[in-house]
1. Per q in 0.09, 0.10 Å⁻¹, report the Debye log10 I(q)/I(0) for the chain, using one uniform scatterer on each alpha carbon and no solvent.
2. What is the packing order of peptides 104-113, 52-61, taking the mean over residues of other C-beta atoms within 10 Å and listing the highest first?
3. With just the Cα atoms defining each centre, how far is region 1-37 from region 293-351? Give it in Å.
4. For helix 301-311, report the angle its Cα long axis makes with the longest principal axis of the Cα atoms of the chain; keep it between 0 and 90° and round to the nearest 10°.
5. As I understand it, the value is the acute angle between the Cα axis of helix 227-238 and the longest principal axis of the Cα atoms of the chain; what does it come to in degrees, rounded to 10?
6. Once both axes come from the Cα atoms, what is the angle between helix 105-118 and the longest principal axis of the chain, in degrees from 0 to 90, rounded to 10?
7. If packing is taken as the average number of other Cβ atoms within 10 Å across a peptide's residues, how do 199-212, 1-14 rank, most packed first?
8. For region 306-381, state what percent of all Cα-Cα pairs lands in each successive 10 Å bin, counting from 0 Å until the bin that includes the largest distance.
């Protein structure tokens, strides 16, 4: 099927000006000043007056739910595909949280395949908080090599729910994801949950500086949980690492403000990403700190914080969108994602003049038009 998008103001992420884009199947096959309509083109869509970017990538989402820190009834539900479409997310990476018992990596894999079958792109990290891995096959390395959707492994540090891993134990995990990635043609990253304990990221700095491990395979997340943690995470970025700022979970300030602060400190925007922590379990408390209920981390705040970078922070569109497009694509080594280029996947978002999301394409199919979701998951109303 051929689809022609006309007159879009394209950010690839760099500004390309007004362009026409031709999509064949799931791929972008041409970007020109003008592409003539033809009888072979099945659909022509006019994007006059709209800004077009690559679809958003969310590299930390609890797609089968999470939570459970306050008993069975505090477990959060899974996420439906239409929820991602409504916030412009066309690529997701699913993962487990604290719970690797009631939640299964096999169920996570099945949900990853389901989202892919429904129309977006989905991947996963194997294992969970513990240093003792929970995998689909016999090891992290085997998951990397033989499970198509597995692109890395999750573990936790500096959290009372973690296994308090040593540098040597983390290095063994890193060896498995890196070698598994080399064999399977993936990058292989260790995605590391950061808690709020005073040890912060000391162990990651030790691994990079003392053991000289390649920093590109280490992916710390929740770096904006506390101010002191964020300050130390900037040291990791200064060494060349990428750091992931959570928009939907616990944070010490608005995530867009953390980005602006990092830029003031001389960190390149190319080393920063947003992720939602979507559907993580969160407790509600009263003014005395007493637990009074439960909620879940929202998945739409990647878009809202990107918009805030533009509207409140004054960043150009071409820079702000990097945190949810080209930067996570680079971090995950998704080679045909994150940019509007010929040969890349046709994952696209369109925005009105106020940078409000209006239209979404995922893998070449229009999923939302003028804010109306055209395609939902199989069990959505």
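1. Those come out to -0.49, -0.61, one per q.
2. Working: 104-113: 18.5, 52-61: 28.1.
The most tightly packed comes first, giving 52-61, 104-113.
3. One Cα centre to the other: 19 Å.
4. Here the helix axis deviates by roughly 70 degrees.
5. Value to nearest ten degrees: 70.
6. For helix 105-118, the angle is close to 10 degrees.
7. Working: 199-212: 16.5, 1-14: 19.5.
Most protected by this proxy first, the peptides run 1-14, 199-212.
8. 18, 40, 36, 6, 0
Every read-out reported here was derived from the displayed coordinates using simple, explicitly stated rules and does not represent laboratory data. Just so we're clear, the structure is a prediction, and the values are computed from it rather than from any experiment. Note: ideal-geometry Cβ built from the backbone for every residue, glycine included; neighbour counts use all protein chains shown.
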